[in-house]
Amino acid sequence: MTMPKPDTDTIRALQGLEDSRSSVRLRAALAVGTAPDPRFIDMLIERCAIEPEFHVRDTLTWALTRHSSSLTVPRLLDEVRSERAQARSQALHTLSKIGDRQAWPAITRALLSDADDEVARSAWRAAVVLVPEGEERDLAAVLSTQLGRGERETQLSLSRALIALGEAILPILRAATTDLAPRVRAHAIATERLWRDPDAGFEFAIEEAKRVVALGGTGQEGE
């Protein structure tokens, strides 16, 4: 079947995705998402891999979610295996927004422990959205291997991902509070405190956890 030719407005939008001005790229992504056309899925995904501006990338993701998941998910699954870190990260982010659990097998241990913090963080967020019912504890066990990793922003992302898994994380966090590494212990204690008191704030929780670790504690009640 012959596909209809894109109209002038669509051609202009696609050209706009490569414009040097971020405002033009943003408008182009909005235009493509407003009038979804499966012929442009590849271009949206390719642009995600190289787009330098966060707001434009987020709009590209939104535009992809406006298309059929049966068309976007297979291409995004290819992208999570890309050698380019941004391509992997943005593909994972988009999969988390689409929420199609058929993508779950692609969330591998390698991605969950990716050397690039942005890729790992995107994988954590995608994993907690896509994890099948009943597999939360297994996922929590894998995520717990990343406790203590990175700076505050990365640690907060991991804590949020773990907390999203619910009570399944508690035995795993308690075990981590006896880890040999002080950073791991502190992060585990802070995450458990955040789970129990979400209003406490991560900054407060991690500083309190560091004090507990410095005093030789594990943060468990009854010590």
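The values are calculated or read from the model by the stated rules, or taken from the named source; none is laboratory data. Because the structure is a prediction, the values reported are computed rather than measured. Here the Cβ is made from the backbone with ideal geometry for all residues, glycine too, and neighbour counts use every protein chain on show.
Points worth noting:
- Between Val73, Val80, the distinction of being β-branched (Val, Ile, Thr) and farther than 19 Å from Pro38 by Cα belongs to Val80 only.
- Residues of the stretch 73-123 satisfying the condition of being surrounded by 16 or more Cβ atoms within 10 Å (Cβ to Cβ) and of a type in the set (Val, Ile, Thr): Val73, Val80, Thr94, Ile98, Ile107, Val119
- Counting only helices (runs of 4 or more DSSP H) that sit completely within the stretch 161-223, those holding 2 or more residues that are at pLDDT below 90 and either out of contact with any strand residue (DSSP E or B) (no Cβ under 7 Å at 6 or more places or on another chain) or over 25 Å from Leu139 (Cα atoms) (or both) correspond to 182-196, 202-214.
- Scanning the stretch 7-22 for residues that are part of a loop (DSSP other than H, G, I, E, B) and at pLDDT below 85 turns up at least one hit.
- Any hit, the stretch 135-154, residues being at pLDDT 90 or above, farther than 17 Å from Ile107 by Cα, under 24 Å from the mean Cα position of the chain (by Cα) and assigned to a helix (DSSP H, G or I): yes
- Qualifying residue in the stretch 53-72 (condition: assigned by TED's automatic domain parsing to the domain that holds Ile107, out of contact with any Gly (no Cβ under 9 Å at 6 or more places or on another chain), exposed (fewer than 12 other Cβ atoms within 10 Å of the Cβ) and closer than 23 Å to Trp104 by Cβ): yes
- Meets criteria (outside any helix (DSSP H, G or I) and either free of Cβ contacts under 8 Å to residues at least 60 places away in the same chain or not assigned by TED's automatic domain parsing to the domain that holds Ala190 (or both)) for Arg125: no
- Assessment of the stretch 106-113 against the conditions (outside the structural domain of His93 (by TED's automatic domain parsing) and either closer than 30 Å to Arg75 by Cα or aromatic (Phe, Trp, Tyr) (or both)) yields no matching residue.
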